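Notes to accompany the following structure.
The values are calculated or read from the model by the stated rules, or taken from the named source; none is laboratory data. This is a predicted model, so every value here is computed, not measured. In this analysis, Cβ positions are derived from the backbone assuming ideal geometry, glycine residues included, and neighbour counts consider all displayed protein chains.
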Amino acid sequence: MASSPSTPTGASATRPGAITRTDPHHPPTTQEDTLATTPPGLPDRIQHYIDGALVDSANGETFDVIEPTTNQPYITCASGQQADVDAAVAAATKAFDSGPWPRMLPRQRAAILNKIADEVSALNDGLAAIESFDSGLPIRQARGQANRAAENFRFFADLIVAQVDGAFKMPGRQINYVNRKPMGVAGLITPWNTPFMQESWKLAPALASGCTVVLKPAEFTPVSAQLWAGIMERAGVPEGVFNIVHGFGESAGDALVKHPDVPLISFTGELGTGKIIYGNCARHMKHMSLELGGKSPAIVFADADVEAALDSTLFGVFSLNGERCTASSRILVERPIYDRFVAAYAERASRIVVGPPSDPDTEIAALVHPEHYRKVTEYIEIGKSEARLVAGGSRPEHLSKGNYVQATVFADVPPTARIFQEEIFGPVVAITPFDTEEEAIRLANDVEYGLAAYVWTNDVARAHNVAGAIESGMVWINSHNVRDLRTPFGGVKGSGLGHEGGYRSLDFYTVQQSVHVRLGDVHTTRFGATGYADGDLGLGGPSA
Ligand code: NAD
C-alpha cells in the first residue's frame, strides 16, 4: 500500500502546536496542476505521537503520501516499525498502570471527553478540507465529519456517567456484583475511508472505558490523524493515554497486533486483512473486534415508494465515492418494476457530477489512491463481460488524470458474477431482478458478507419478515444508512466479529469481573473431615 519508504529524515520531536506550520520543502501544489485546493494549515510532515510528543520514526523512515487528483506526493509520513510500536505501547502501559486516566471517576473522564468533542467540532470546515484533499472525498460530503466525530465522544461521555452495572441478590445468602475494569492498552487499527470519523468511533469508547490507546491510522490517509495530538492535549488528556504510530499494515499494524502488552485489538478494514489479524490475535488470546467489508443488498419490492428507493439507493452506493462499507452495492428489484427502475437508475447515475473534491458541486470525486483505482477499474472491466453496462464504465472525458471514474451501473447481473459477489468499494452497482420474496431473500444472502441490508416495501409484515430473514448485522427498512449510536453496529459472516455501539462498545473495552460475597451460611461439603477433631487448627475463627 502507498509508496515505498523514502530516505530517512532523522528522528526529532516537536509539540503538536506544529500542526499549523507550512513546509517550504513541500510547497502547496496549485489549482492548475492538482484540480484540488491545498487546505491551509497542513503540517510540514506527519509524525507519530508518543507519550505526549510528535516524533519521527526511531530509524527516521518515512513514506510519501499522495494526493488523489494527481497522484503526486505532497507530504511525508513517519513509517512506524517495531521500535516505534514498542515505544508507544510502553507509554500507554505506563499511563495505564500508574497514571490517573483509568482511575478517574466517570464524570471526570466524561468532562475531558466533552472537551475533546468541543475541540473536534471546532475543526469544522478545516477538517473537511484536509479530509477532502487527502482522501478525495467530495468537500460537501466531508463537511459534517467533524460533527459526526464529536458526537461519538459526547455519546460515550454520557454513557459512562449513566452506566449501571448489575447486582444480583440471593436473599440472606449471597450478593453478587459486577466490577467493571478497563482492559488495558487498546490497539486501534483503522481504514482510509472517512478516516478521522472512523478513528473517533474507536477512540471515544476506548478512552471512555478508561483504556489507554495506540492508534494505527491507514497509510493512504494519515494526515487528519495528526490533528488528534493537539485535540487531546488541549482537552487535558494526560500524556501517554493517547498515542499514534503511523505506517504500513505489514509493519506498524502487525507489530501492534502481536505486541504482548496489548490485550485487545479493534480493527476496521478488509476481510482478508481481518483474517490475518484474527490468526495473529489467536496466538496471544487477544480480545478483538473486527468490522470488515460488505456487499449489502437493497431489496426493492414493486409496492415500494419507488422514487424514494431510487434516491436512497443512488445515495447509498455513490456517496463517499462508493468507498463506504455499508454501500447498497447490490440492488435487487422485483420484476414488475425492474425495467422502469433500471432505466431511471441509469439515467440518474449518468447525470452524477464527477469532479474535483474541492468543488461543492461534485458528487463523486477522486478515489483515494491509484492502487484502489486500479482495483475498481479492473472490476468494471470484469463487469462488462458478466452483465449489461447501463451507465458509466470509464474515466470521465473531462478528467484526464487522477483517480476519477464515472458512476457505473450494471444490470441483469447474475448472482454468480464476481461483481455480484465481491466487494468493489467504489462507485459501481449491480442490479438484479427477482420474482418472489423467497428468491429476494436467497439472493440477498447468497454472498460471503453480511454487514447491512435495505428493504423497500409498503407491506409492513413483509418488511419485518424479510428484515429478519436477511443474514446481516443491520437492516434499514425504507431508508438508507441512518445511525442511532445506541444500536448494535457490526456484521455477520465475512463482515465481522463482535458488535459495537452503545453499551456493547464499553463491554468490549472493559473486563466485567463478577464479585460474589457471602452473606449467610454456605453449605460446604467437608473433605478429609473423618477423624479430624474440630478446633485442632487452634487459630481461632468460628470453629475454634
Ligand atoms: P485494509 O484491511 O487494507 O487496511 C485497514 C487497516 O489495517 C490499515 O490501517 C492497514 O494499514 C492495516 N493493516 C493492513 N494489514 C495489516 C496487518 N497484517 N496487520 C495489522 N494491520 C494491518 O482496509 P482498507 O482498504 O484500509 O479499508 C477498506 C475496507 O474497510 C473495506 O473492506 C471496507 O468495507 C472496510 N470497512 C469496514 C467498515 C465497517 O464498519 N464494517 C467501515 C469502514 C471500512
Q | Yes/no for Gly426 being of a type in the set (Gly, Ala, Ser) and either surrounded by fewer than 16 Cβ atoms within 10 Å (Cβ to Cβ) or without any contact (Cβ under 8 Å) to a residue 24 or more places away in the chain (or both) | A | no
Q. Which residues, counting only those in region 160-198, are more than 16 Å from the ligand (Cβ to nearest atom) and of a type in the set (A, V, I, L, M, F, W, C)?
A. Ile160, Val161, Ala162, Val164, Ala167, Phe168, Met170, Ile175, Val178, Met183
Q | So Arg335, is it at pLDDT 95 or above, basic (Lys, Arg) and farther than 30 Å from Ala186 by Cβ | A | yes
Q.
Just the residues that are more than 10 Å from the ligand (Cβ to nearest atom) and part of a strand (DSSP E or B), please, taken from region 199-226.
A. Thr212, Val213, Val214
**Q.** Residue among Arg109, Arg15 that alone is at pLDDT 95 or above and more than 26 Å from Pro360 (Cβ to Cβ)
**A.** Arg109
(Q) Checking Arg388 against (1) crowded, with 22+ Cβ neighbours inside 10 Å; (2) more than 26 Å from Leu271 (Cβ to Cβ): exactly one of these is not met. Which one? (A) (1)
Q) Which one is nearest to the chain's Cα centre (by Cα) among residues in region 333-389 that are of a type in the set (Val, Ile, Thr) and farther than 27 Å from Phe434 by Cα? A) Val368
Q: Report yes if Thr408 is of a type in the set (S, T, N, Q), in contact with a strand residue (DSSP E or B) (Cβ under 8 Å, 6 or more places away or on another chain), buried (at least 19 other Cβ atoms within 10 Å of the Cβ) and closer than 26 Å to Thr194 by Cα, otherwise no.
A: yes
Q: Would you mind telling me which numbered condition in (1) touching a Leu at 6+ places or on another chain (Cβ under 7 Å); (2) closer than 28 Å to Gly274 by Cβ Gly490 fails?
A: (1)
Q) Given (1) within 16 Å of the ligand (Cβ to nearest atom); (2) surrounded by 24 or more Cβ atoms within 10 Å (Cβ to Cβ), where does Val333 come up short, assuming only one miss? A) (1)
Q.
Tell me the residue from Asp64, Asp134, Asp86 that is in contact with a strand residue (DSSP E or B) (Cβ under 8 Å, 6 or more places away or on another chain), in a helix (DSSP H, G or I) and among the acidic types (Asp, Glu), please.
A. Asp134
Q) What about Val515, is it of a type in the set (Val, Ile, Thr), more than 16 Å from the ligand (Cβ to nearest atom) and surrounded by 10 or more Cβ atoms within 10 Å (Cβ to Cβ)? A) yes
Q) Looking at this structure, is Gly247 in contact (Cβ under 8 Å) with a residue 24 or more places away in the chain, within 11 Å of the ligand (Cβ to nearest atom) and crowded, with 23+ Cβ neighbours inside 10 Å? A) yes
Q. For Gly293, all conditions in the list (1) part of a strand (DSSP E or B); (2) of a type in the set (Gly, Ala, Ser); (3) within 12 Å of the ligand (Cβ to nearest atom) hold save one; what is the number of the exception?
A. (1)
Q. Just a yes or no: is a residue in region 229-242 out of contact with any Cys (no Cβ under 6 Å at 6 or more places or on another chain), touching a residue at least 12 places away in the same chain (Cβ under 8 Å), within 13 Å of the ligand (Cβ to nearest atom) and at negative phi?
A. no
**Q.** Odd one out for Asp125 among (1) of a type in the set (D, E, K, R); (2) surrounded by 19 or more Cβ atoms within 10 Å (Cβ to Cβ); (3) closer than 27 Å to Glu323 by Cα
**A.** (2)
Q: Those residues that are surrounded by 18 or more Cβ atoms within 10 Å (Cβ to Cβ) and among the aliphatic types (A, V, I, L, M), I need them from region 453-466; list them, please.
A: Ala453, Val455, Ala463, Val466
Q. Of all the residues that make up region 483-512, how many are hydrophobic (A, V, I, L, M, F, W, C) and within 13 Å of the ligand (Cβ to nearest atom)?
A. 3
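Mind telling me which of the residues Glu471, Glu500 ends up being surrounded by fewer than 18 Cβ atoms within 10 Å (Cβ to Cβ), of a type outside the set (Ser, Thr, Tyr) and in contact with a helix residue (DSSP H, G or I) (Cβ under 7 Å, 6 or more places away or on another chain)?
None of the other options fit; the residue is Glu471.
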Q: Identify all residues within region 260-273 that are more than 6 Å from the ligand (Cβ to nearest atom) and surrounded by fewer than 22 Cβ atoms within 10 Å (Cβ to Cβ); write none if there are none.
A: Pro260, Asp261, Pro263, Leu264, Leu271, Gly272
Q: Answer yes or no: is there a residue in region 390-413 that is among the β-branched types (Val, Ile, Thr), touching a residue at least 12 places away in the same chain (Cβ under 8 Å) and within 16 Å of the ligand (Cβ to nearest atom).
A: no
Q: Sort out which residues of region 422-465 are hydrophobic (A, V, I, L, M, F, W, C) and within 14 Å of the ligand (Cβ to nearest atom), and write them in order of number.
A: Ile424, Phe425, Val428, Val447, Leu451, Ala452, Ala453
Q | Yes/no for Glu386 being within 16 Å of the ligand (Cβ to nearest atom), at pLDDT 95 or above and of a type outside the set (A, V, I, L, M) | A | no
